[in-house]
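Derivation of every value follows stated rules applied to the coordinates shown; laboratory data play no part. Note that the coordinates shown come from a computational prediction; the quantities given were computed from them, not determined experimentally. Cβ atoms come from the backbone with ideal geometry, glycine included; neighbour counts cover every protein chain shown.
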Amino acid sequence: MNGRLKHLQRIKILEDLIVILKFLRRVVLSYVKSFALATLLMAIVFAARAAMGSYALPQAIANIVNAVRNGGATDSKLYTGLSIFLASAITFFTTEFLLYKYFSKLSDAIVSIKNVILERLKVKQLSDSLEDVVGKITSDVDFVIWNINGVLTTLIPNIFNAVASIVAVYSFNVGVGHIVLLTVVPYFILAEYYSRRVEFARVEERKAYSASIVHIRNAVYEHKDFDLLSNILSQWKRAINAVMWYDRIYWGFSLLNQFTAATLIAAVSIGKARQGEIDVGSLAGILSASLGAHGAVMNAVWALCIQGQTVAAVKRVLALFERGVTEHKEREVPATAKIR
């Protein structure tokens, strides 16, 4: 069993997910009351939205198209489709306010974690770089919490949406459903490539950003360190540019895959409609649901990319809780992975 787990952890996006979950369990859930309950509520909200938006709506579109095509302006299918649209509007509106409970817990988490670190600093000597510790408290904690929120609120709803959309496609035609499943695989390959490179860039960016906080203060209050600050800002710029370049790689190839797949799915579906295997309403439903499936998977996998960035800062903060401030030592970045 342990051997299998080690093998799975070689997959970078899975390894990063394990680190994020470890941080949530050991830090956030330990110091933020009711965070788990608020997160569960958030997941339920997104599940309800997925059921309406990604499964019911394609069915509504199919009903409306078939009703109009058959000339049934008063057809019950037409009213059913319109009712689903209205129900979706009400669902999305009301559930938005239920999400406030979860989002309010994010600010609780930031304040609580900073207070815990500051309490530990009162009784422990610092062996870390002072400027880096300042950066971890003032910047990394915020970065970690908001980015983990970005992972959760992007990954969870899009997983639900993807599953609902793919089920909707299968409900119209099994063969097209198989094509949709096969054509979403490239997103995961791109995320693995992204995650294996972006962490090193983000480590460099976090270090430079931490240092800049202290040296900006020195430059403003003490009128010195301008040359050093300029060098630090240049390091930060190189690192963040590397992150943004990897972003472009993911999104560029993902969008290429999305619209190439849409072309293939449309061509196959039109062929099936011409052969009488599916009706026009089902064709409309398939196109709607398959685009929804690709959009959802692409965004869900982007959440895995976000965690690839976040894990660099998570490890910096997590180290303060696992080994203590006095024992913390920054992870070495391989020379071959340094940002140039």
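Points to keep in mind about this one:
- Extreme residue, positive dipole direction of the chain, given options F92, F35, F200 (C-beta unit charges): F200
- The convex hull drawn around the Cα atoms of the chain, when projected onto a plane and averaged over every direction, covers 21.6 nm².
- The stretch 226-242 - phi-based ³J(HN,Hα) in whole Hz, Karplus 6.51/-1.76/1.60, Gly and Pro as x: 5, 5, 5, 4, 4, 5, 5, 5, 5, 5, 4, 4, 4, 5, 5, 5, 5
- Residues whose placed amide H lies under 5 Å from that of I11, excluding near-sequence neighbours: none
- Take each peptide in 198-211, 32-45, count the other Cβ atoms within 10 Å of every residue, and average; sorted highest first, the result is 198-211, 32-45.
- ³J(HN,Hα), Karplus 6.51/-1.76/1.60, whole Hz, each residue of the stretch 101-115, x for Gly, Pro: 4, 5, 5, 5, 6, 5, 5, 4, 5, 4, 5, 5, 5, 5, 5
- Using alpha-carbon coordinates, inclination of helix 57-69 to the longest axis of the chain, degrees: 30 degrees
- With each label modelled as a point 7 angstrom along the Cα→C-beta vector, the D247-K114 pair spans 2.4 nm.
- Relative contact order (%) - criterion: Cα under 8 Å, at least six apart; region: the chain: 31 percent
- Net charge in the neighbourhood of E192 (other residues with Cβ under 11 Å of its Cβ; Lys, Arg +1, Asp, Glu -1) is +2.
- Around the Cα centre of the chain, unit charges on the Cβ atoms of Lys, Arg, Asp and Glu (plus for the first two, minus for the last two) sum to a dipole of about 620 debye.
- Cβ crowding within 10 Å averaged over residues, with 260-272, 303-315 ranked highest first: 303-315, 260-272
- For the peptides 92-101, 56-65, residues were scored by their other Cβ atoms within 10 Å and the scores averaged per peptide; the highest-first order is 56-65, 92-101.
- In order through the stretch 84-92: 3J(HN,Hα) via Karplus (6.51 cos²θ - 1.76 cosθ + 1.60), integer Hz, x for Gly, Pro: 5, 4, 5, 4, 5, 4, 5, 4, 5
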